[in-house]
Amino acid sequence: MAKKLKEVLADAGISMDLQSGGKAPEMMVDREVKRAPHPRVKKLKDIYMDTLSSANDEFTYWYTREYMMHDSEIPVIRRAKALKTAFAHSTPAIYPGELLVMRKASYFRGSFPMPWLSEGFYMAHEDEFYQEALKRGSASVDEHSKFGQGGGNVTKSFGKVVSIAGKFGVRQEEIPAMLKLAKMWYGKSVDDLGNKYEKMVPEYKTKEQIMRSIICMFDSGYTLPQGREVINYYYPLEYGFDGIIKMAEELKAKVAGKADGDGMVGMNRLYNYEAVIIATQGLQKWVNNYAKEARRLDKITKDPKQKEEYKGIAERLEWIEHNPPRTFIEAFQMIETIHLAVLNEDAISGMSPGRMGQVLYPYFEQDIEAGRITEDEVLELLELDRVAKTSIDCFASTGVVGGVLSGNTFNNLCVGGLDKDGQSAVNRLEYLILEAGITMAMPQPTLSVLYDEKLPEDFLMLAMEVIKCGTGYPAFMNSRTAQEFLTKQYGVEGMNLEDVRAWAIGGCLETSPGVWKPLHLNGKEYWIPGGAGQPTSVGVHFISMPKVLELTLFNGVDPRTGEKVYEPHNKKLGTYEEVWEQFKLYWQKTCEVLALTNNIQHDIWRKNNMAVINSYLKPDCLDKGHLINELGYRYNGTFSVESAGTITLVNSLAALKKLVYDDKEVSLKTMKEAIKDNFGFKDAREVNSFSLADQEIREDAADKWEKLHFKALQAPKYGNDEKYVDDILLAWENFFCEDATKYESLYGFKMYPCQISVSTHGPMGSATLATPDGRLSGTTFADASMSAFPGTDRNGPYALLNSAATWDQAKSQNSQLNIKIHPTATRGIEGSKKLLDLTRAYMRKGGFHIQYNIVDSKVLQDAQKNPRNYRDLMVRVAGFTQYWVEIGKAVQDELIARTEYEGV
Amino acid sequence: MEKVLYRDARNYVPIDVIKGIDHLTGQTVMADKEAPKDYEAMPKCKNCNSFKAEGEQMGICEGSMSDPKFFAYPDMVAVTCEMYANK
Ligand code: SF4
């Protein structure tokens, strides 16, 4: 048997033990905190746990049928009509025991294709459309992405079910229609039209090469064009659907035929208001269909309790079809409806409910006071919401849903933060939201605490309890750091101190702008926060930093494919500075080309596929009469450049600097040979493990590279509070945060840096050769942007925090640090206090985000061997929590390998 | 009355592509299993007056306003189609 790296190192007296700060007990240790949900919720959760991700054609069919009828109509009206017809024809699906109803499609975990965005990826691989997508590079990443084999993923076709994109099950009876509908969009989708015009960018060929080499993970304008933002529920809550229509009718009359000084788009306000009316009517019909179904179910049901519940559902839906909600449960139903409506409008991940506890608080406060609801009933509803949100799927390609999202859709619920007047915004409902995170441990909504020193201690301690469930939430986000970033980025758009405080997280950990609006309920006024910005994590997606370094070392050629990506630099790279300078030039070339091509894709999106519903929910679209495409939002400078593989790059640069340039232990030529030869190891895919320790040495390599590989592994590594390598991180951050602002979005605003990796460290690692830090070909990069590479942080968690806080994190939209801790290290109240101290220490140093996996690595190892026993096991991946069995193997391996802290 | 599969029955709500809940009994049932004899059929295009079959899983919706008439597929649920009329 071929030797594994950990055995080779053990022979040399080097331990690859991935524990730090002590020794974990021999026995597997379970998580400390576990509680059960209400019985009805448990039943619905049980259904979910046994549900396959399923898709059908219904929405797609009606949208297409209507859209194709109006080819001479104004685009925004055409889109609104198509949406209206699609919503009006969605078959209602209500399940016994539900109190909050409505679904994306008529399945428990349903979704549907949106060929108006992109259609090639779900064609058969031999189909010309799919081949075309491969050529463009947009399908390359699919080949490097894998879904987890368990849970609800339909990874293979069976019986009468066809597997699409390795995840979605579609009934055979629907397939011919699905393909026919897709083909109707050929040449018309945002993907196809975008491609037609992006080809006019002079360096388009470089872009194709960048995509094919997986230097960039995926295009932006047609994949998930919206999301990573905070929704705004204010208008439906304050005015109801009838009120919104009335408002739009009045404003329409006011602006008809008037430019009001805006000769470019002033006249468009008329059509935009008309579109708002049309789309809202579609939503009303959708709600009405559900109400009718609830009435029908009431008639056919015998169980008196269930009958009453169907009646209650029908009454609530009939009310909110027209009016603003009056009670907590009506308001909750209203926001569930709105949330799903927006998710059906576009392919979206990361539509965050935001500070939902503060939005619903007025209803909670008044219902509790009047005795209309108990806290226990509220808790039950919050638990039900967790089933509903976890059931949200997004139909997209393998590369996007598997490689990036790991099947999650990031509906992030934030608690805490400051109110309009700068005081803690925590309320009693937010305690219950945390409580529901314990009693109903499911991946969504994932929870984030917007940390501020003013937050109550008992609230923070409760958050620690939730973390100890091992669910991977809540994450801690630093309000102060975020607010500095927001002031800097949105100052030009007039953001004031009040608005700065209304922020929340959109998606995993994207700082998103918000506003306060006055909600009126029974004569009392409440200021509630909500989103007011365009989508984030759009623009230049995930650039693989280690891959750019690889291309720097290999003169612009991808050694994996042999294809030329960049113009050769023909430099000797005789000094470390020369490597660094050239790396930056290739980085900039990548950003430059991708910013231009993605701007074109988004521009096609805004012309033909603009948001109508999501738009009018967000201030100030209704006031201005302009939707997202005409800068109707209060904050529009939301596009970014995303990095991936930060720490693998930093460690690689440190190893090059140390071994090649400072200590001159090896020549660059030899280092490159070793990289090409994978330090004598097999490729990770051949081994079928993506963690470094498990890689197997090739028999033909003998000990050719052994010495050099040891040195590479022992070169300075990030995460140990070591200046040598932390200075490299600092240099990168200073460069990146400044450089990102040089690219302009289609909306005319400068971009900013975004440092999340989601799951990209898996597929991107898969397409990258060995790196100078000793990482081997095909293995994952370090996760997130501030997490250490597994097993390399040797000096304890506080040293890791010091390394991460080397740079000014307020310069970036975010950063991301995940830590794995053994459950024994955080036992009891003392353990919770220590965890809070650790978190606070990082926040006080200006760190933006920290999150923990409180889990015994042995449990993860066992779960990989016996997935059937662990359907319920959840882990924190990058910025989100997901079921273990639904995560691809590469990321599973990386999670197992992460350093496990035995003490904090 | 003709026998119907659960997935073609009015009181079946799909959980996913292979199973669903029988609203009359509250039980989880398989989509492709036969429902009891007296179960009402689900309105689907294939049961609609306006549906004209063309090939096995494809057809035309005669009720469509487009020119030429838009296609329809037999398996599509039609409870929300206002033009649905039983064959
Ligand atoms: S009228 Fe409606 S139900 Fe009948 S075939 Fe056309 S789409 Fe189907």
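Throughout, read-outs are computed from the coordinates displayed, never taken from laboratory work. All values reported here derive from a predicted model rather than from experimental measurement. Using ideal geometry, Cβ is built from the backbone for each residue, glycine included, and neighbour counts are taken over all protein chains shown.
Structure data summary
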| item | result |
| --- | --- |
| Amide H within-cut-off set for A:N853, under 5 Å, with H built and near neighbours excluded | A:I819, A:K820, A:I821 |
| Residues B:S66, A:S118 arranged by fewest to most Cβ contacts within 10 Å | B:S66, A:S118 |
| q = 0.13 Å⁻¹: log10 I(q)/I(0) that the Debye formula gives for the stretch A:164-296, counting C-alpha atoms only | -1.03 |
| Separation between Cα centres of the stretch A:757-785 and the stretch B:67-82, rounded to whole Å | 48 |
| Computed Kirkwood radius, in angstrom, where 1/r is averaged over Cα pairs of the protein assembly as shown | 28.7 |
| Dipole moment magnitude, nearest 20 debye, chain A about Cα centre, only Lys, Arg, Asp, Glu C-beta charged | 960 |
| Shielding by other protein chains, A:171-181, mean Cβ within 10 Å | 5 |
| Cα pair distances of the stretch B:1-41 binned at 5 Å [whole percent] | 6, 33, 37, 18, 5, 0 |
| Ascending count of other beta-carbon atoms within 10 Å, so fewest first, for A:H822, B:H23, A:H520, A:H569 | A:H520, A:H569, B:H23, A:H822 |
| Unit charges on C-beta of K, R, D, E only; dipole of the stretch A:781-898, Debye | 200 |
| Filtered trypsin sites (Lys or Arg not before Pro), the stretch A:497-581: DSSP coil and at most 14 other beta carbons within 10 Å | A:K571, A:K572 |
| Förster-model FRET efficiency, 56 Å R0, A:T741 and A:K188, C-beta, rounded to 0.05 | 0.95 |
| Alpha-carbon Rg/Rh ratio, for the stretch B:43-87, with Rh computed the Kirkwood way | 0.92 |
| Cut-off under 5 Å, modelled amide H: who pairs with A:C414 long-range | A:G354, A:R355, A:M356, A:S448 |
| Solution diffusion estimate, µm²/s, Stokes-Einstein, the stretch A:609-750, Kirkwood Rh from C-alpha pairs, 37 °C, viscosity 0.692 mPa s | 170 |
| Rg over Rh, two decimals, chain B (C-alpha only, Kirkwood Rh) | 1.02 |
| Per-residue [θ]222 nm for chain A (sum of -39500 (n - 2.57) over DSSP H runs n ≥ 4, rounded to 500) | -13500 deg cm²/dmol |
| Efficiency of FRET between A:A10 and A:H569 - r from beta-carbon atoms, R0 35 angstrom, step 0.05 | 0.30 |
| Distance between the stretch A:204-247 and the stretch A:499-529 - C-alpha centres, whole angstrom | 20 |
| Segment A:K833-A:N869, extension gain: residue separation times 0.36 nm, minus the distance between their alpha carbons | 9.8 nm |
| Gain in span if fully extended, A:E578 to A:Q861, counting 0.36 nm per residue against the direct Cα distance | 97.6 nm |
| Rh by Kirkwood over Cα pairs, then Stokes-Einstein D for the stretch A:343-429 at 1.306 mPa s and 10 °C, µm²/s | 105 |
| Helical segments meeting 18 Å axial Cα length and Kyte-Doolittle -0.5 threshold in chain A (DSSP H) | A:75-88, A:234-255, A:328-345, A:375-390, A:723-739, A:828-844 |
| A:T374/A:M27 FRET efficiency (R0 41 Å; Cβ-Cβ; nearest 0.05) | 0.50 |
| Stokes-Einstein D for the stretch A:223-321, Kirkwood Rh over Cα pairs, 37 °C, 0.692 mPa s (µm²/s) | 202 |
| Mean-position separation - Cα centroids, the stretch A:657-717 and the stretch A:824-895, in angstrom | 30 |
| Residues A:Y239, A:Y747 arranged by fewest to most Cβ contacts within 10 Å | A:Y239, A:Y747 |
| Rg/Rh for the stretch A:747-904, where both radii come from Cα atoms and Rh is the Kirkwood radius | 0.98 |
| Spin-label pair A:H322/B:K3, simplified geometry with 7 Å Cα→Cβ offset, distance in nm | 4.7 |
| Once exposed loop GluC sites (Glu not before Pro) are cut out (DSSP; at most 10 other Cβ, 10 Å), longest piece of chain A | A:454-904 |
| Debye intensity ratio I(q)/I(0), log10, the stretch A:652-692, q values 0.30 Å⁻¹ (C-alpha model) | -0.96 |
| Inter-probe distance in nm under a simple model that places probes 7 Å from Cα toward Cβ, at B:K69 and B:E82 | 2.0 |
| For residues of A:90-96, the mean tally of beta carbons on other chains within 10 Å | 5 |
| About the Cα centre, charge dipole magnitude for the stretch B:1-41 (Lys/Arg +1, Asp/Glu -1 at Cβ), debye | 60 |
| Residue-span extension gain [B:E62 to B:E40] - 0.36 nm each, minus C-alpha spacing | 5.5 nm |
